Amino acid sequence: MKALVIFLIVLLCVLHHDWWWWDDNTMVFGFMPIGLAWHGGISLAAGFVWFLAVKFCWPKDLEEGEGAES
């Protein structure tokens, strides 16, 4: 799962540079430029990938209370 999360992070980095929408005047929902809608989608996808990273890749020994020296 760690390899999948790393792959998704790299994929999001590549998709973030959306040169294919630069000269497109299409409006989404009649008011939002397609480039802005694309970045909204990228932001939602980044949130989902962060959820996967925390759920499956976060070290178990960092749980609150375990190994904490006060």
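The values are calculated or read from the model by the stated rules, or taken from the named source; none is laboratory data. As the structure is a prediction and not an experimental result, all values here were calculated from the model. Here Cβ is always computed from backbone atoms with ideal geometry, including for glycine, and neighbour counts include all displayed protein chains.
Summed over the range 6-37, the residues that are of a type in the set (Asp, Glu) and surrounded by 12 or more Cβ atoms within 10 Å (Cβ to Cβ) give a count of 2.
Taking the criterion of being outside any helix (DSSP H, G or I) and at pLDDT 80 or above, the residues of the range 54-70 that qualify are Trp58, Pro59. Mind checking whether some residue in the range 38-53 is surrounded by 12 or more Cβ atoms within 10 Å (Cβ to Cβ) and modelled with pLDDT under 90? No, the range 38-53 contains no residue that is surrounded by 12 or more Cβ atoms within 10 Å (Cβ to Cβ) and modelled with pLDDT under 90. Listed by first and then second residue, the pairs with beta-carbon distance under 7 Å, at least 6 apart or on different chains, first residue in the range 2-29 and in contact (Cβ under 8 Å) with a residue 12 or more places away in the chain, second loosely packed, with under 12 Cβ neighbours inside 10 Å and aromatic (Phe, Trp, Tyr), are Val5/Phe56.
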